[in-house]
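**Q** For reference, the structure I am asking about is given below.
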Amino acid sequence: ASSKEDDQEKAIDELIASLPISKGLVRPVHSLYQNFWYPTPLLPNVIAFRRHFEAKDKDILLVSQPKSGTTWLKALVFSIVNRSRFDTSNTPLLTSNPHEVVPFIEHKLWPDLDGLAEPRLLATHIPYPALPESVQPSDCRIIYICRNPLDTVISSWHFLLERARPENQPEWSLEEHFEAFCQGEILFGPFWDHITGYWKESLERPRKVLFLKYEDLKEDIVGQLKKVAEFVGFPFTEEEEEGGVIEEIAKMCSLKTLKGLEVNKSGKLPHTITEKRSFFRKGEVGDWVNHLTPSMVDRLNSIMQEKFSPLGLRF
Ligand code: A3P
């Protein structure tokens, strides 16, 4: 590497070393960078992505907070966009986890973004204000999926318990996790700023940002898939609709199907400590009733009331 690159790397390391870090037990440690919490080991990738990524007009960015339905969205959009190449008999989803088929940019699993076929399907948890500058002027599309925070807090707690607890550490209790969640001190949090950043943009630029809710997908998958397909410029034809193509995609990407595939039952995602099976749990709306106390529910509801209601966002 040239000395200029070395200098840049050093500057990034120094910047990261100067950031506040999280107090909780959860690993990886996270750092507060421009008002959001990031997994510290991923920050160099996040910063490099911001600085160097050149969006193309046909790019499709899938964005979410962890545990909001990311895995599902990846499988669905991949299937929609590639349906002329693959059907349920030969889709890569049969042999690869959705996170391998559509990796996260911040995990840097792509050696060569420029070499990817168009439209490039890219995923990230990065909050709206931190997206690379080239995303704005380009015609690339953003699909954001969000989920009722009452369910996200439970889903993320289970995920961390299973995946990210360092050995020899006491269990990360729901109370601790809930507290961190409400303080905003969770990965890619605060959750309210993450959600409202994309929500506001979807209202202002509906052609740029499509805002989806996990709950709506559960309730009306066919209607939601039609909306997604139109948004990304691959609308279903009448023939396809009559031929049951939408239902086929929905079934292929269902929790039941994906969870049941050998490829998703064991093993870790490449370059991570994450078990592939940990992405597939219950997939229910309202599982929080089994875990949260009434005072926890009140607290989270009042945060949502304060942050979301003035913007017309409801769960
Ligand atoms: P639960 O923990 O509530 O079961 P993410 O994909 O963003 O990591 O979110 C994971 C959550 O989505 C988990 O929720 C998981 O069970 C659920 N999920 C994963 N795949 C799904 C699918 N194909 N359909 C519906 N929900 C799915």
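The values are calculated or read from the model by the stated rules, or taken from the named source; none is laboratory data. Computed from a predicted structure; not experimentally measured. Ideal geometry is used to build each Cβ from the backbone, glycine not excepted, and the neighbour counts take in all protein chains shown. Ligands, DNA and RNA are excluded from the accessible area calculation, which covers all protein heavy atoms including side chains. Shrake-Rupley method; radii C 1.70, N 1.55, O 1.52, S 1.80 Å.
**Q** Keeping all protein chains in place, calculate the accessible area per residue for the chain (probe 1.4 angstrom), answer in Å². The partial results should precede the final answer.
**A** Values: 15280 Å² over 315 residues.
Ligands and nucleic acids excluded, the result is 49 Å² per residue.
**Q** Rounded to two decimal places and with Rh computed the Kirkwood way over Cα pairs, what is Rg over Rh for the chain?
**A** Values: Rg = 19.4 Å, Rh = 20.4 Å.
Reported Rg/Rh, Kirkwood definition of Rh: 0.95.
**Q** Peptides 203-210, 176-183: what's the order by average Cβ count within 10 Å, highest mean first?
**A** Details: 203-210: 13.9, 176-183: 19.0.
Taking the mean over residues of other Cβ atoms within 10 Å, the ranking is 176-183, 203-210.
**Q** Still on this structure, please answer the following. Given the peptides 113-125, 36-48, arrange them by the average over their residues of other C-beta atoms within 10 Å, most packed first.
**A** Working: 113-125: 16.7, 36-48: 20.2.
Answer by packing, highest mean first, reads 36-48, 113-125.
**Q** Something else: Arranged from highest to lowest average of other beta-carbon atoms within 10 Å per residue, in what order do the peptides 184-191, 271-278, 252-259 appear?
**A** Numbers: 184-191: 22.0, 271-278: 15.4, 252-259: 17.4.
Highest-to-lowest ranking by the protection proxy: 184-191, 252-259, 271-278.
**Q** Using the basic label-point model (7 angstrom from Cα toward the beta carbon), what is the Val297 to Lys58 distance in nanometres?
**A** 4.9 nm
**Q** Leaving out ligands, DNA and RNA, what percent of the accessible area of the chain is carbon and sulfur, probe 1.4 Å? All intermediate terms of the calculation are to be shown ahead of the outcome.
**A** Numbers: 7710 of 15280 Å².
The computed percentage sits at 50.
**Q** Given a Förster distance of 30 angstrom, what is the FRET efficiency for Lys259 paired with Asn290, based on the Cβ-Cβ distance and rounded to 0.05?
**A** Working: r = 19 Å, r/R0 = 0.65.
According to the calculation, E is roughly 0.95.
**Q** Based only on Cα atoms, what mean projected area does the convex hull of segment 118-204 have, in nm²?
**A** If I average the Cα hull's projected area over directions, I get 7.4 nm².
**Q** Taking Lys227 as the anchor, which lysines have their alpha carbon closer than 20 Å to its alpha carbon, excluding any fewer than eight residues away along the same chain?
**A** Lys58, Lys74, Lys200, Lys208, Lys213, Lys218, Lys251
**Q** Once R0 is set to 25 Å, what does the formula 1/(1 + (r/R0)^6) return for the Cβ-Cβ distance between Asp112 and Lys208, expressed as a FRET efficiency to the nearest 0.05?
**A** Working: r = 26 Å, r/R0 = 1.05.
For Asp112 and Lys208, the calculated efficiency is 0.45.
**Q** So between Arg314 and Gln136, what do we pick up on full extension, going 0.36 nm a residue minus the alpha carbon distance? Don't skip to the answer; put the middle values down first.
**A** Details: separation 178, 0.36 × 178 = 64.08 nm, distance 2.65 nm.
Once the chain is fully extended between Arg314 and Gln136, it gains 61.4 nm.
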